[in-house]
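Written out below as structure tokens is the structure these notes cover.
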Amino acid sequence: MDRSGRDAGGSGGFGPDGERTVRRAVVTGGAGFVGSHLCDRLREEGASVVCIDNLLTGSVDNLAARADDPGFVLDRSDVSEEFDVEGPVDLVLHLASPASPHDYARHPVETLRAGAHGTLNALELARRKGARFLLASTSEVYGDPLVHPQVESYWGNVNPVGPRSQYDEAKRFAEALTTAYRTALGVDTVIVRLFNTYGPRMRPTDGRAVPTFITQALAGLPLTVAGDGAQTRSICYVDDTVSGILAAAASGHHGPVNIGNPVELSVLELAEHIRELCSSVSPVEFVERPGDDPTLRRPDIGLARSAFGWQPVVDFDKGLALTIDWFTRLTPAGR
Ligand code: NAD
């Protein structure tokens with residue numbers, strides 16, 4: 001039986017105990033870094049997948065494994081415009097949004113539209129289909145946090161007009177809209193707040209710390225550490241993030257719930273560690289720190305643990321080694 005009590009037939013279960021069954025999922029942003037891994041996992045679990053992605057920051061290359069897959073469809077629609085999906089849908093996973101600081105700096109209006117119109121359109125799809133809806137929110141809703149580690153009950157410290165505001169406020173609005181659809185319109189929703197995620201399929205030039213340091217280390221270029229590098233980050237391997245997303249979707253919880261790896265290290269430590277794993281002798285070069293760059297980042301994942309038994313399992317060095325291997329094969333410098 002699926003969550004609505006209907007006989008789900010022979011389709012794949014998902015979630016930690018396989019307690020929910022998804023026959024057909026819609027993944028917005030499914031051609032992106034996290035979304036493409038999510039599409040792959042859903043297909044492995046037996047669900048058919050409709051990916052809605054206008055390829056603003058994603059790529060069909062990320063979906064190479066889905067090229068001849070009859071259970072997968074790519075629809076290149078813009079979620080900020082009204083869109084529809086024919087046939088039944090059990091689960092809508094809304095990830096479409098520029099997500100790296102470089103991307104949302106280049107696309108500020110598109111980012112706000114994806115968070116506002118895109119979330120509205122994805123929620124409307126879930127409402128029409130009677131589907132569960134998952135919003136991929138972000139740790140950036142905590143801004144430059146005054147509470148550490150970040151727990152879901154913390155409201156955040158966000159600049160509404162700063163250089164990151166288009167992203168932070170888009171996601172905060174998306175959370176508010178998702179909450180309104182649940183409380184006022186009865187849509188079955190869950191909000192996950194993803195913390196920094198890394199892994200294969202990140203783009204070398206997206207400006208995030210892990211791909212930046214890996215590509216610099218592989219090329220023998222200076223590792224550009226912002227400020228004095230004392231600001232902290234907690235990074236989660238993409239397979240763990242995907243498991244967390246699906247565990248939250250499979251649960252009855254409405255969140256918000258943090259999905260991230262609580263291992264915290266400074267940006268300088270991260271750079272030096274990546275340099276070591278790349279067997280590189282690149283020097284560290286301290287560069288200007290971007291405005292409103294958060295000083296501390298570490299998720300409290302007690303809620304995810306207790307609500308649906310999720311926690312990251314991929315060893316830090318193993319995850320980084322897999323990522324370095326991917327960049328080694330990708331970049332000319334690594335060949
Ligand atoms: P990404 O840029 O690789 O993927 C985003 C995808 O959304 C891309 O394929 C892009 O083409 C698509 N997209 C953007 N605007 C769209 C629109 N209007 N219509 C249709 N498609 C659109 O980013 P990602 O790192 O995979 O992030 C995915 C989601 O997870 C985002 O919502 C992001 O906010 C969230 N998130 C990611 C991280 C992380 O560390 N990667 C952390 C927190 C939250």
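The values are calculated or read from the model by the stated rules, or taken from the named source; none is laboratory data. Note that the coordinates shown come from a computational prediction; the quantities given were computed from them, not determined experimentally. With ideal geometry, Cβ positions are generated from the backbone for all residues, glycine too; neighbour counts draw on all protein chains shown. Just the protein is used for accessible areas: all its heavy atoms, side chains included, with ligands, DNA and RNA removed. Shrake-Rupley method; radii C 1.70, N 1.55, O 1.52, S 1.80 Å.
Skipping prolines and chain starts, which residues have an amide H placed within reach, meaning under 5 Å, of the one on Ile52, given they are 5 or more residues away or on another chain?
Excluding prolines and chain starts, which carry no amide H, the hits are Val27, Thr28, Gly29, Gly30, Asp75.
Would you work out which of Gly46, Asn62, Phe72 lies farthest towards the positive end of the dipole of segment 32-90? Charges go on Cβ: Lys and Arg +1, Asp and Glu -1.
Asn62
I need to check one value: relative contact order of segment 221-275, counting alpha carbon pairs closer than 8 Å and at least 6 residues apart, in percent.
The value is 58 percent.
Under 17 Å from a point 7 Å along the Cα-to-Cβ line of His102: which residues of segment 210-247 have their amide N that close?
Answer for this model: 210-226.
Assign unit charges at the C-beta atoms only (+1 for Lys and Arg, -1 for Asp and Glu), then state the dipole size of the chain relative to its Cα centre in Debye, rounded to the nearest 20.
340
Return the long-range amide H neighbours of Ala226 (sequence gap of 5 or more, or a different chain), with a cut-off of under 5 Å between placed amide H atoms.
The answer is Val287.
Any idea what the dipole of segment 66-214 comes to, in debye rounded to 20, about its Cα centre with Lys/Arg Cβ at +1 and Asp/Glu Cβ at -1?
For this selection, approximately 300 debye.
Antiparallel as a % of all DSSP beta bridges within the chain, to the nearest 5?
Around 10 percent antiparallel, to the nearest 5.
Using Cα centres only, tell me the gap between segment 22-66 and segment 119-190 in whole Å.
21
With all protein chains present, how much of the accessible area of the chain (probe radius 1.4 Å) comes from carbon and sulfur, to the nearest whole percent?
About 52 percent, which is the carbon plus sulfur part of the accessible surface.
Bins of 5 Å, beginning at zero and ending with the bin holding the largest distance: percent of Cα pairs per bin for segment 46-138, please.
In order of increasing distance, the bins hold 3, 13, 23, 24, 19, 12, 5, 0 percent.
For segment 141-230, calculate the relative contact order in percent as a whole number, restricting contacts to Cα pairs under 8 Å that are 6 or more residues apart.
Relative CO of segment 141-230 lands at 14 percent.
At 37 °C and 0.692 mPa s, what whole-number value in µm²/s does Stokes-Einstein give for the translational diffusion of segment 135-290, with Rh from the Kirkwood sum over Cα pairs?
The calculation lands on 193 µm²/s.
What is the mean projected area of the alpha carbon convex hull for the chain, to one decimal in square nanometres?
15.9
Using only alpha-carbon positions, what ratio does the radius of gyration of segment 112-202 give when scaled by 2.2 N^0.38 Å?
Taking the Cα Rg and dividing by 2.2 N^0.38 Å, one obtains 1.14.
With each run of n ≥ 4 DSSP H residues scored as -39500 (n - 2.57), what mean residue ellipticity at 222 nm is computed for the chain after dividing by its residue count and rounding to the nearest 500 deg cm²/dmol?
It lands at -10500 deg cm²/dmol.
To the nearest 20 debye, what charge dipole does segment 197-335 have about its Cα centre, counting +1 at the Cβ of each Lys and Arg and -1 at the Cβ of each Asp and Glu?
Using only the charged Cβ atoms, the result is roughly 400 debye.
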